[in-house]
Amino acid sequence: MEYTELADYEVPTGAITAWEATTDPAQWRSDSRRLSYMHLEHARRAAELGDEWHGHWIGTAFTIEERLDRDAFAATIRQWFARHEALRSAVQLGGAPEDDLVRTTVAPEAVAVSGLSMGVVTSPDSARQTIQDYFDTTVNPLSWPHCVVVTLEPDDGDDRFLVVFGADHTVMDAYTQVFAINELSALYRAEINGEHHGLAEYGSYLDFSDAERHLGGQIDANNSAVVAWRQFFNDSPTSVQPDAMPRFPRCATAGVGAVAPPREPDAGMQVSLSQDLLDRAETARFNEICKAAGGSVASGIYTAMSITSAALAGTDQVRFISPVHTRTGPEWGEAVGWFVGLVPVHVDPAGAQTFTQALPRVAESVSRYKDVGTAPFAPIADLIGGDVTPPGFVVSYIDLRRAQGAAEWERRNARVLRSATRDVDEVYLWINRIPDGINISTRYPSGERRREVEAFIAAFAEVLRTIVGTGDHDYTFAPEMASRASADITA
């Protein structure tokens with residue numbers, strides 16, 4: 001399962017249909033449940049940008065191996081919206097003394113879904129552009145629906161069709177993107193076969209959001225999460241990553257290989273790259289090595305990043321922010337919503353000289369702040385003060401092997417999608433363990449630091465391959481960067 005832009009996804013030619021939820025405006029009802037902190041911040045940013053808000057969405061693409069029955073598919077989307085209140089929620093500007101944005105909701109039975117033909121496309125590029133333009137101009141945190149769907153019936157057969165949906169982040173996270181593949185497939189099969197779908201029921205993200213706001217209101221300066229974040233900001237910066245909120249480390253590039261993205265980004269946009277790191281057999285071997293050394297695949301990934309940083313940045317200390325899910329109760333299991341918290345990570349091998357020696361030390365260091373992710377970051381940032389947002393270097397590691405239907409993803413050409421991002425200094429690495437191995441998806445600046453990121457990814461991949469091939473890897477330090485770091489620390 002790769003996390004790619006639509007421009008990098010293989011789309012067939014054929015007939016495209018847009019499926020959009022509608023409702024009578026009179027059916028909307030005010031709702032006292034407050035928006036989550038991230039929902040509120042995201043929607044406020046959209047309100048500030050106004051007409052400049054364009055092309056901010058996430059989504060999923062996958063094939064359903066049945067013919068497209070239009071009535072059944074419309075019923076499938078209606079059921080999806082009925083099952084998840086987040087999809088039937090909207091925001092309005094103004095109206096509450098505490099928040100400038102307030103929530104409205106609509107009942108399941110008030111939602112209708114209809115299909116609108118978008119024509120027949122005769123080239124993959126035109127298919128991608130048609131879908132992307134629709135998502136870019138339709139999906140918005142301030143207008144409903146916050147999730148829209150298209151189908152594409154390939155012109156080379158009627159035994160399957162492609163489903164692609166785009167959603168605003170305020171109603172969806174990466175887990176929702178993945179869970180939707182199985183859920184929509186099961187709902188559709190139930191419709192065409194006249195059976196019950198057999199899917200479990202889950203709670204409402206709206207209830208979770210209101211509870212999160214209540215929790216945030218109880219956080220004070222002595223809260224353990226506030227203490228932990230303040231400690232991370234104050235104690236862990238290095239000369240290579242001097243900012244309190246970590247940014248991608250400066251890396252040497254001379255004489256270092258680099259990965260090559262499949263295409264150049266559009267003007268003003270970030271570079272997007274996705275590639276396999278280890279295949280199934282290599283991942284199994286990597287797992288064995290990590291376990292034998294007292295760690296896990298996750299801590300092994302972070303240790304390999306530490307070795308890469310030492311070789312290119314001159315320091316084995318790596319700092320980044322990691323998104324974590326906040327589905328802490330079974331009622332939130334596969335609910336649609338933005339269940340995400342933030343955790344600071346400080347990778348510290350504590351002077352180890354090899355991968356296997358470093359692994360248990362890194363595992364201990366990365367677990368230091370693991371419990372702060374359930375506390376919302378916005379009120380913590382307000383209490384700490386200073387310039388602590390947004391994160392400039394984000395690393396996500398997710399094990400998706402046990403997700404429903406994961407074994408079918410490759411055959412069904414399933415991908416989670418993200419819209420293109422305007423060129424800023426952020427560097428995001430999404431590392432996923434799937435049934436077929438481990439892959440990495442990235443977005444990073446297209447400007448002067450591009451070469452550093454591409455060198456880091458190439459070296460990181462080589463470190464992993466060496467560990468798999470030899471069972472270990474020595475730490476080596478970039479002399480120039482190491483001496484500069486030492487001089488800075490001494491001064």
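Readers should treat all values here as calculations from the given coordinates under stated rules, not as data from a laboratory. Everything numeric in this text was worked out from a predicted model, so none of it was measured. Quick reminder, even Gly has a Cβ in these numbers, built from the backbone with ideal geometry, and neighbours come from all protein chains shown.
Key figures
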{"read-out": "Karplus 3J(HN,Hα) series, Hz, for region 254-265 with 6.51 cos²θ - 1.76 cosθ + 1.60 (x for Gly, Pro)", "value": "4, x, 10, x, 8, 6, 10, x, x, 7, 7, x"}
{"read-out": "Rg/Rg_globular for region 223-490, with Rg_globular taken as 2.2 N^0.38 Å and Rg from C-alpha atoms", "value": "0.99"}
{"read-out": "Per principal axis, descending, Cα span of region 3-210 in whole Å", "value": "57, 40, 31"}
{"read-out": "Three-way shape call for region 96-174 based on the alpha-carbon gyration tensor, with the a/c threshold at 1.5", "value": "prolate"}
{"read-out": "Bins of 10 Å, starting at 0 and running to the largest distance - Cα pair percent for region 44-147", "value": "12, 34, 36, 15, 3, 0"}
{"read-out": "Sites Asn234 and Asp371 - FRET efficiency at Förster radius 22 Å, r taken between beta-carbons, to 0.05", "value": "0.75"}
{"read-out": "Stretch gain in nm, segment Ala281-Gln27, where the contour uses 0.36 nm per residue and the Cα spacing is subtracted", "value": "86.0 nm"}
{"read-out": "Kirkwood estimate for region 152-225, i.e. one over the average of 1/r between Cα atoms, Å", "value": "16.2 Å"}
{"read-out": "Val271 long-range amide H proximity, modeled H, under 5 Å", "value": "Tyr444, Ser446"}
{"read-out": "The chain: relative contact order in percent, alpha carbon pairs under 8 Å with at least 6 residues between", "value": "23 percent"}
{"read-out": "Gain on full stretching of the segment that runs from Leu400 to Ser123 - 0.36 nm per residue minus C-alpha separation", "value": "96.5 nm"}
{"read-out": "Cα-based Rg of region 332-378 normalised by 2.2 N^0.38 Å, two decimals", "value": "1.57"}
{"read-out": "Reciprocal mean inverse distance between Cα atoms of the chain - Kirkwood radius, Å", "value": "23.9 Å"}
{"read-out": "Cα-based helix-to-principal-axis angle, 224-235 vs the chain, degrees rounded to 10", "value": "50 degrees"}
{"read-out": "Length gained when the stretch Thr328-Glu410 is fully extended (0.36 nm per residue, less Cα-Cα span)", "value": "26.6 nm"}
{"read-out": "Antiparallel bridges, percent of DSSP beta bridges restricted to region 223-490 (to nearest 5)", "value": "75 percent"}
{"read-out": "GluC sites (Glu not before Pro) within region 47-131: DSSP coil, no more than 10 neighbouring Cβ in 10 Å", "value": "Glu98"}
{"read-out": "Rel. contact order, % - alpha carbon contacts under 8 angstrom, at least six apart, region 3-210", "value": "38 percent"}
{"read-out": "On Cα atoms only, tilt of 205-218 relative to the major axis of the chain in degrees", "value": "40 degrees"}
{"read-out": "Rough spin-label spacing in nm, given labels placed 7 Å along Cα→Cβ, for Val424 and Trp53", "value": "1.5 nm"}
{"read-out": "Derived scalar couplings ³J(HN,Hα) [region 447-457; Karplus, 6.51 cos²θ - 1.76 cosθ + 1.60; whole Hz; x for Gly, Pro]", "value": "x, 5, 8, 4, 4, 5, 5, 5, 5, 4, 5"}
{"read-out": "Alpha-carbon centroid distance for the pair region 177-227 / region 370-418, whole angstrom", "value": "15 Å"}
{"read-out": "Amide H contacts of Gly333 (H built 1.01 Å from N, under 5 Å, at least 5 apart or other chain)", "value": "Gly203"}
{"read-out": "Global geometry of region 6-85, whether rounded, prolate or oblate, following the gyration tensor of its Cα atoms and the 1.5 cut on a/c", "value": "oblate"}
{"read-out": "Using alpha-carbon coordinates, inclination of helix 124-138 to the longest axis of the chain, degrees", "value": "80 degrees"}
{"read-out": "DSSP bridge orientation in the chain - percent antiparallel, rounded to nearest 5", "value": "85 percent"}
{"read-out": "Karplus-derived 3J(HN,Hα), 6.51/-1.76/1.60, for each residue of region 288-294, Hz, glycine and proline x", "value": "4, 5, 5, 5, 5, 8, x"}
{"read-out": "Estimated FRET transfer efficiency when R0 is 22 angstrom, pair Arg45-Leu383 (beta carbons, to 0.05)", "value": "0.55"}
{"read-out": "Region 146-165 and region 241-306: distance between their alpha carbon centers, rounded to Å", "value": "33 Å"}
{"read-out": "Relative contact order (%) - region 223-490, alpha-carbon pairs under 8 angstrom, separation at least six", "value": "32 percent"}
{"read-out": "Quarter of Cα convex hull surface for region 197-338, i.e. mean projection, nm²", "value": "14.9 nm²"}
